[in-house]
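Every read-out reported here was derived from the displayed coordinates using simple, explicitly stated rules and does not represent laboratory data. Quick caveat, the model's predicted, so the values are computed rather than measured. Here the Cβ positions follow ideal geometry from the backbone for every residue, glycine too, while neighbour counts run over all protein chains shown.
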Amino acid sequence: MQHNEFDFDFFVIGAGSGGVRAARTAAGLGARTAIAEQRFFGGTCVNVGCIPKKLYTYAAQFAHHWRDAVSYGWQTGDLPAFDWQRLKDNKDKEINRLNGIYRNILGTAGVQIIEGRAILEDVHRVRIGDQVFTAQHILIATGGHSKMPEIPGIELAIDSDGFFELTKQPKRVLVVGGGYIATELAGVFAGLGSTVHLVHRGNVLLGDFDAEIASFVTEAIASYTDLNLRSQVSRIEKHIKNNESGHELLVTLDNGRQITVDTVLFATGRKPSTAGLGLEKIGVQLDDGGGVHVNEFYESSVPGIYAVGDVINRVTLTPVALAEGQMLARRLFRQPDVASAPVMSYELIASAVFSDPQLATVGLTEAQARQQFSAVKVFKSRFRPLKHTMTGAAEFTLMKMLVDPATDRVLGVHMAGADAAEIIQGMAVALQAGATKADFDNTLGIHPTAAEEFVTMRTPVSGS
Ligand code: NDP
């Protein structure tokens, strides 16, 4: 490619999922690329998000396995002691290793790494400390951070970043929120043996998902937490513990209920990290949620400045940021036919909540399908997984499929239960390929599995 008078063709601010993917792709296409990072390589997902969270969910599952093992003939005795500090140390070691891998990947791809906080001086100039770099194209990929309501005592609470820093397991914890993070971390705490109070202002947890699936998961979570729906935290106060060193937190809810815990964790959403980057100074427009406003090509209101990932506040999921970063870099640096690069489709984004039980989904919810189609066939299966026919545990799985009767096309597939995320990933391929219900019916199952239910659902519970 032809180079210009700038230090770099492409300067990426933020080495999270979107930024790293964009930088690697650009460098691979011959662009002289730099990436600036002020904190840790790999961003939220690798350091304080998806990866360490998944490791903690594995840890939390062992208590279930231990309990179930008895029915399979194991002499298990008492539940062995759990060592929170060891889990954290091992998690930290693994995350450090991944940080190193991210750095190496960038270095190997030929991306120049610059550590420090980047601030835009103008459309082509980025300052980091006392150095200024020039670039033809600049990408904002600074991600997001948690937002917490302004209530008295909020400074006593932690967010999900704070969760990963906890060096001691709180015996009693109060989690606020009803979305991804609140349900996932409530499941982790409970699995590891903490008493969990969950406080959510809505009628149901995970209310953005299919209503029936959300209710099913809410009911399951209510069986192992003290679930307070339609409730909010009014204030948090610090108290010295009776007869013990240390302190505890007294949480008052808006209905007057008071709950004493060791830790309060707020998981009440996230917002784009746009402050202090110099965006306003150069005229980059933000949307109502504070995200960088971009068009379908990730171009901001200022030519030459782009944004992808959580900072655009569109779909805040790692695979989406990766796809956006790659799409942008290909569009900018694939020569010569730049204009023909495709735009990203935001339809059929599969996602999973690693709550207990897991929830996973792709396509339309029943409510969305009924809004868009004159009739919808609903297929459902609720069953106790084979494993629990022996353990007797009250663990069930719910699967749901929505079909357009006019075309037979599958519109949405939803599942709550063990391995939901692993199963739905395959379903996402089928939906992406435009699978019809007949395609599912013509597919042989793998027996005995839970997933085979998706190819053996024959009778709709609702056909209109
Ligand atoms: P979510 O948007 O999923 O959930 C936020 C929750 O907080 C909602 O239940 C919301 O209630 C509630 N809430 C918001 N404001 C307040 C308030 N002022 N007082 C009380 N409750 C409030 O955000 P999370 O923080 O859980 O996660 C952030 C994002 O991170 C997710 O949206 C997701 O994109 C990503 N993520 C993805 C994961 C995955 O893929 N498995 C895992 C973790 C995070 P209401 O519904 O009433 O607005």
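Per-residue ellipticity at 222 nm, computed for the chain from helices alone with -39500 (n - 2.57) per DSSP H run of at least four residues, works out to -9500 deg cm²/dmol. For the chain, relative contact order (Cα pairs under 8 Å, six or more residues apart, normalised by length) works out to 15 percent. Taken about its Cα centre, region 157-301 carries a charge dipole of about 660 debye when Lys and Arg each add +1 at the Cβ and Asp and Glu each add -1 at the Cβ. The simple Förster model, with R0 at 22 Å and r as the Cβ-Cβ distance, assigns D208 and L156 a FRET efficiency of 0.15.
Could you work out the relative contact order of region 129-226? I mean the mean sequence separation of Cα pairs under 8 Å and 6+ apart, divided by the number of residues, in percent.
Over region 129-226, the number comes to 21 percent.
For H145, nonlocal amide neighbours, meaning residues 5 or more places apart or on other chains whose placed amide H falls under 5 Å from its own, are K271, S273.
Under the rule of at least 5 residues apart or a separate chain, name every residue whose amide H is placed under 5 Å from the amide H of H247. For H247, the qualifying residues are K241.
Ignoring lysines fewer than eight residues from K387 along the same chain, the ones with Cα atoms less than 26 angstrom from its Cα are K53, K54, K400.
Sparsely packed loop sites in region 169-247 (the trypsin sites (Lys or Arg not before Pro) outside DSSP H, G, I, E and B with at most 14 other Cβ atoms within 10 Å) comprise K171, R230, K241.
Straight-distance candidates among the lysines for linking to K171, with alpha-carbon spacing under 18 Å and chain neighbours fewer than 8 residues away dropped: K88, K238, K241.
A simple charge model with +1 on the Cβ of Lys and Arg, -1 on the Cβ of Asp and Glu and nothing else charged puts the dipole of region 23-181 at about 300 debye relative to its Cα centre. Near E121, the amide H atoms lying under 5 Å from its own belong to V126, R127; only residues 5 or more places off or on other chains count, and H is placed 1.01 Å from N. For region 422-430, putting each phi into the Karplus relation 6.51 cos²θ - 1.76 cosθ + 1.60 with θ = phi - 60° gives couplings of 5, 6, 5, 4, x, 5, 5, 5, 4 Hz, in residue order, rounded to whole numbers and with x for Gly and Pro.
Using C-alpha pairs below 8 Å separated by at least 6 residues, the relative contact order for region 196-348 is 12 percent. 3J(HN,Hα) along region 414-420: 9, 8, 10, x, 4, 6, 4 Hz, from the Karplus curve 6.51 cos²θ - 1.76 cosθ + 1.60 with θ = phi - 60°, whole Hz, x for Gly and Pro.
Of the trypsin sites (Lys or Arg not before Pro) found in region 124-165, those that fall in a DSSP loop while having at most 16 other beta-carbon atoms within 10 Å are K147.
Taking other C-beta atoms within 10 Å as the exposure proxy, S462, S300, S223 rank S223, S462, S300 from fewest upward. So in the chain, what percent of DSSP beta bridges are antiparallel if you round to the nearest 5? So the antiparallel bridges amount to about 60 percent of the total.
By the beta-carbon count within 10 Å of each Cβ, the least crowded to most crowded order of E155, E280, fewest first, is E155, E280. Length gained on full extension, D254 to D78: 59.4 nm, using 0.36 nm per residue less the C-alpha separation.
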